Structures are given as structure tokens and as C-alpha cells.
Amino acid sequence: MPESSETTVVLPAHLHARPAGQVVVTAAKFTSTIEIVYGAKTANAKGVLALLSLGATAGETVTIRATGPDAPAAAEAIATTLRTTE
């Protein structure tokens with residue numbers, strides 16, 4: 001069974017085009033399936049339009065879920081990208 005990892009992040013800025021693009025670039029480095037959950041919506045972290053459709057805003061909490069061989073590293077890398085992107 002593949003490994004999985006989950007972490008939460010409070011967004012320092014809205015999840016608009018630039019940070020969404022940076023998340024996609026980071027996610028592309030991993031083979032795991034990576035999802036970002038905001039409220040009742042879930043988006044694949046490897047798709048800019050999916051991330052933008054979440055409508056996540058500054059100060060809100062998102063959950064990052066990764067499943068696969070490099071899940072812990074993937075989840076942490078995406079969390080770091082979200083925390084440091086404005």
C-alpha cells in the first residue's frame with residue numbers, strides 16, 4: 001500500500017495565479033498524487049485551474065494530502081511553497 005501524508009497550512013496570501021503556478025511546479029517534482037482541500041472542494045495540486053477554482057483566500061486553512069512513494073516529502077514541499085508564496 002502506498003504511503004500517505006497530510007498537513008495543514010494557513011495561507012499567507014490568496015491562492016491566485018502566481019502561487020498556484022509555483023505549487024504546480026513543486027508538485028511536478030513528485031510522483032505522488034497530491035491534493036489540496038479547502039472547505040468542501042478538492043483540487044489536484046498539479047493543475048493550475050483546479051487550484052484556482054478552490055477560491056482559497058489569505059488567512060484560510062487548506063489541507064494537503066499526498067499519496068504515493070514520496071508522499072511525506074511531497075506534502076511538506078507543497079506546504080512550504082504555500083507558506084512562502086505571496
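In whole percent, and with a 1.4 Å probe on the protein chains, what portion of the accessible area of the chain is carbon and sulfur? Intermediate results must be reported in sequence, preceding the final value.
Working: 2450 of 4440 Å².
Whole-percent figure for carbon plus sulfur exposure: 55.
Residue-wise, which Karplus ³J(HN,Hα) couplings in Hz belong to segment 59-71, taking 6.51 cos²θ - 1.76 cosθ + 1.60, θ = phi - 60°, and x for glycine or proline?
x, 8, 9, 10, 10, 9, 10, 10, 9, x, x, 10, 4
Given R₀ = 25 Å, what would the calculated FRET efficiency be for Glu86 paired with Ala28, taking r from the Cβ atoms and rounding to 0.05? Display every interim value, and only then the final one.
Working: r = 21 Å, r/R0 = 0.84.
My answer for the efficiency is 0.75.
Can you tell me which of 14-26, 38-50 comes out highest on packing, and rank the rest after it, using the mean Cβ neighbours within 10 Å? Kindly include the intermediate steps, with their values, before the conclusion.
On the way: 14-26: 17.9, 38-50: 15.5.
Result, highest mean first: 14-26, 38-50.
With the other protein chains left in place, how much accessible area per residue, in square angstrom, belongs to the chain at a 1.4 angstrom probe? Let's see the in-between values first.
Numbers: 4440 Å² over 86 residues.
Accessible surface, normalised per residue, equals 52 Å².
Apply the Karplus parameterisation 6.51 cos²θ - 1.76 cosθ + 1.60, with θ equal to phi minus 60°, to every residue of segment 77-86 and state each ³J(HN,Hα) to the nearest whole Hz, in sequence, with x for glycine and proline.
Computed from phi, the couplings for segment 77-86 are 5, 5, 4, 4, 4, 5, 5, 10, 9, 10 Hz.
Take every Cα pair under 8 Å in the chain that's 6+ residues apart, average their separations, divide by the length, and report that relative contact order as a whole percent.
Values: 186 pairs, mean separation 41.1, N = 86.
Computed value for the chain: 48 percent relative contact order.
Determine how many Å³ per residue the convex hull of the Cα atoms of the chain encloses. Provide the component values of the computation, followed by the final result.
Details: hull volume 6.0 nm³, N = 86.
Per-residue hull volume (Cα only) is 70 Å³.
The values are calculated or read from the model by the stated rules, or taken from the named source; none is laboratory data. These figures come from a predicted structure and were not determined experimentally. In this analysis, Cβ positions are derived from the backbone assuming ideal geometry, glycine residues included, and neighbour counts consider all displayed protein chains. Ligands, DNA and RNA are stripped out before the accessible areas are found, and what is left, the full protein with its side chains, is counted by its heavy atoms. Shrake-Rupley method; radii C 1.70, N 1.55, O 1.52, S 1.80 Å.
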